[in-house]
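Here you go, one structure.
The values are calculated or read from the model by the stated rules, or taken from the named source; none is laboratory data. In this text, all values refer to a predicted model and were calculated from it rather than measured experimentally. Because the Cβ atoms are built from the backbone with ideal geometry, glycine has one as well, and the counts that use them run over all protein chains shown. The protein model used for the area step is the full one, side chains on, heavy atoms only, and it has no ligands, DNA or RNA in it. Shrake-Rupley method; radii C 1.70, N 1.55, O 1.52, S 1.80 Å.
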Amino acid sequence: MAWIYLLIASAFEVVFALATNATHGFTEPGPSLLTAAAAAGGIFFLSLALKTLDVGVGYTVWTGIGSVGTVVLGTVVFDESMNAGKAVAFVLIIGGVLGLKLADRFGRAADGPAAGPADGPDAGQTAGQTAEQAGGLTPQHQPAA
C-alpha cells in the first residue's frame with residue numbers, strides 16, 4: 001500500500017508544480033488555492049508512504065516521479081521545450097525510481113517480516129527496529145527527566 005500512497009503523492013507533486021507555474025506569483029486565486037491543496041495532499045500521502053518506506057527511498061521516488069511528470073506535462077500544458085538530452089535524463093530518473101523500488105522489495109524480503117503487529121503499538125517499525133528508533137527517540141535523544 002505504501003507504493004500506492006507514494007504514487008498518489010507523486011501525482012499531487014506534479015499538480016503542485018504545474019499549478020505553481022500558473023499562479024503568476026500567487027496573483028491568480030484559483031491556481032494559488034490548487035497549489036496549496038496539492039502541496040498538502042502530496043505531503044499527506046508521502047507521510048503515509050513513509051510509515052513503511054525508508055525516507056531516502058520514498059522522498060527520492062516522490063521527487064523523481066514529480067520531476068518527470070512535471071517536465072512531461074509542462075511540455076503539453078505550457079508548451080515548454082523537449083529535447084533529446086531531457087528525454088535521456090527522464091529515462092535515467094525512471095530507471096533510478098524502478099531500481100529503488102526493486103531494491104526496496106528485495107531488501108524487505110531478505111529482512112523478513114517486521115517485528116510486531118501491523119496495527120499494534122509497534123506499527124511503523126521495520127524489522128530489527130526498536131520503538132524508540134521508529135519514533136526517532138533513541139536513549140541518547142530522550143528528553144532529560
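Just to be sure I understand, how many residues within the stretch 79-99 are open to solvent by 50 Å² or more (accessible area, probe 1.4 Å) and either at pLDDT below 85 or not small (G, A, S) (or both)?
Total meeting the criteria: 11.
Oh, and also: Might you let me know whether the stretch 48-63 holds any residue that is open to solvent by less than 50 Å² (accessible area, probe 1.4 Å), in contact with a Ser or Thr (Cβ under 8 Å, 6 or more places away or on another chain) and not β-branched (V, I, T)?
There is at least one residue in the stretch 48-63 that is open to solvent by less than 50 Å² (accessible area, probe 1.4 Å), in contact with a Ser or Thr (Cβ under 8 Å, 6 or more places away or on another chain) and not β-branched (V, I, T).
Moving on. State which residue pairs qualify: first residue part of a helix (DSSP H, G or I) and inside the stretch 19-33, second residue of a type in the set (D, E) and open to solvent by 50 Å² or more (accessible area, probe 1.4 Å) in any location, beta carbons under 9 Å apart, and separation of 6 or more residues or different chains.
Between residues of the stretch 19-33 that are part of a helix (DSSP H, G or I) and residues that are of a type in the set (D, E) and open to solvent by 50 Å² or more (accessible area, probe 1.4 Å), the close pairs are A22/E28.
Now a separate question. Pick from G64, G128, G107: which is on the phi > 0 side of the Ramachandran plot and modelled with pLDDT under 90?
Result: G128 is the single residue among G64, G128, G107 that is on the phi > 0 side of the Ramachandran plot and modelled with pLDDT under 90.
Can you tell me which of F12, F16, F26 is at pLDDT 95 or above and surrounded by fewer than 21 Cβ atoms within 10 Å (Cβ to Cβ)?
F26
Just checking, does the stretch 3-19 include any residue being touching a Gly at 6+ places or on another chain (Cβ under 6 Å) and of a type in the set (D, E)?
Yes, that holds for at least one residue.
Pick out the one residue from V72, V76 that is open to solvent by 60 Å² or more (accessible area, probe 1.4 Å), over 17 Å from the mean Cα position of the chain (by Cα) and modelled with pLDDT of 90 or more.
One residue alone meets the criteria, V76.
A further question follows. Could you list, in sequence order, the residues of the stretch 47-57 that are over 19 Å from G99 (Cα atoms) and either without any contact (Cβ under 8 Å) to a residue 40 or more places away in the chain or assigned to a helix (DSSP H, G or I) (or both)?
S47, L48
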